[in-house]
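Data block below; observations after.
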Amino acid sequence: RSDYDAKFSLPFIVATAIAKRRFTLADLDDDCLVDPELLELASKVSCQNDPNPTFPKYFHGEVIIQTKDGRTLRKREDINRGADERPLSVSDVEAKFRDNVSLVAGTDVADRVLNAVMSLPTTKNSRDFVEALTTK
């Protein structure tokens with residue numbers, strides 16, 4: 001399948017997050033999409049609709065993991081990160097921006113654009129901002 005399919009495959013995303021202890025767009029590269037360990041783990045993931053959804057106000061969810069030794073691990077998020085009641089920190093947003101932009105433009109460009117955007121409140125004119133974005 002494609003990286004587009006994987007973005008919307010909850011079993012793949014959950015399996016990757018469990019195996020790598022994180023999930024970012026970088027985890028949708030070609031190697032990950034054919035990784036036998038991830039695909040095997042994804043085949044063990046099942047999804048169920050919540051009978052009491054709070055969407056569209058929140059994107060809540062719960063993960064329940066049955067371990068080989070019989071334990072049940074459970075984590076529920078009633079209010080998703082990024083909601084008004086649970087905002088992301090500035091450093092969280094900066095890290096997400098860097099991660100995503102770096103995939104297509106490299107870390108130098110990501111840092112330069114981020115610095116230009118973060119300096120907007122003190123930028124004297126739009127030319128300074130545009131130069132910061134276009135300087136190579």
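Which members of region 44-74 meet the condition of being assigned to a loop (DSSP other than H, G, I, E, B), under 27 Å from P87 (Cα atoms) and among the basic types (K, R)?
Result: K57, single match.
Could you tell me whether region 105-115 includes any residue that is under 19 Å from the mean Cα position of the chain (by Cα), loosely packed, with under 11 Cβ neighbours inside 10 Å and over 24 Å from A15 (Cα atoms)?
No: zero hits.
Please identify the pairs in which a residue from region 1-29 that is in the same structural domain as C47 (by TED's automatic domain parsing) has its Cβ atom under 8 Å from the Cβ atom of a residue that is surrounded by fewer than 13 Cβ atoms within 10 Å (Cβ to Cβ) and among the hydroxyl-bearing types (S, T, Y), counting only partners at least 6 apart or on another chain.
Hits for this filter: P11/S43; P11/S46.
Which one of P36, P51, P56 is without any contact (Cβ under 8 Å) to a residue 12 or more places away in the chain, under 22 Å from L25 (Cα atoms) and assigned by TED's automatic domain parsing to the domain that holds S9?
Answer to the check: P36.
For A83, only one of the following conditions fails: (1) in contact (Cβ under 8 Å) with a residue 24 or more places away in the chain; (2) within 22 Å of A6 (Cβ to Cβ). What is its number?
(2)
For residues that are acidic (D, E) and at pLDDT below 95, scanning just region 38-76, find the one that is nearest to the chain's Cα centre (by Cα).
E62
Regarding region 63-70, can at least one residue be identified that is touching a residue at least 12 places away in the same chain (Cβ under 8 Å) and over 27 Å from D3 (Cβ atoms)?
No, region 63-70 has no match at all.
Evaluate region 79-93: report whether one residue or more is surrounded by 10 or more Cβ atoms within 10 Å (Cβ to Cβ), in contact with a Gly (Cβ under 7 Å, 6 or more places away or on another chain), modelled with pLDDT of 95 or more and assigned to a loop (DSSP other than H, G, I, E, B).
Within region 79-93 (the criterion being surrounded by 10 or more Cβ atoms within 10 Å (Cβ to Cβ), in contact with a Gly (Cβ under 7 Å, 6 or more places away or on another chain), modelled with pLDDT of 95 or more and assigned to a loop (DSSP other than H, G, I, E, B)), the answer is yes, since at least one residue qualifies.
Tell me which residues, restricted to region 34-53, are buried (at least 17 other Cβ atoms within 10 Å of the Cβ) and in contact with a helix residue (DSSP H, G or I) (Cβ under 7 Å, 6 or more places away or on another chain).
Across region 34-53, the qualifying residues are L38, L41, A42.
The values are calculated or read from the model by the stated rules, or taken from the named source; none is laboratory data. Everything numeric here is computed off the predicted structure, so don't read it as measured data. Cβ coordinates were reconstructed from backbone atoms using ideal geometry, including for glycine residues, and neighbour counts include every protein chain displayed.
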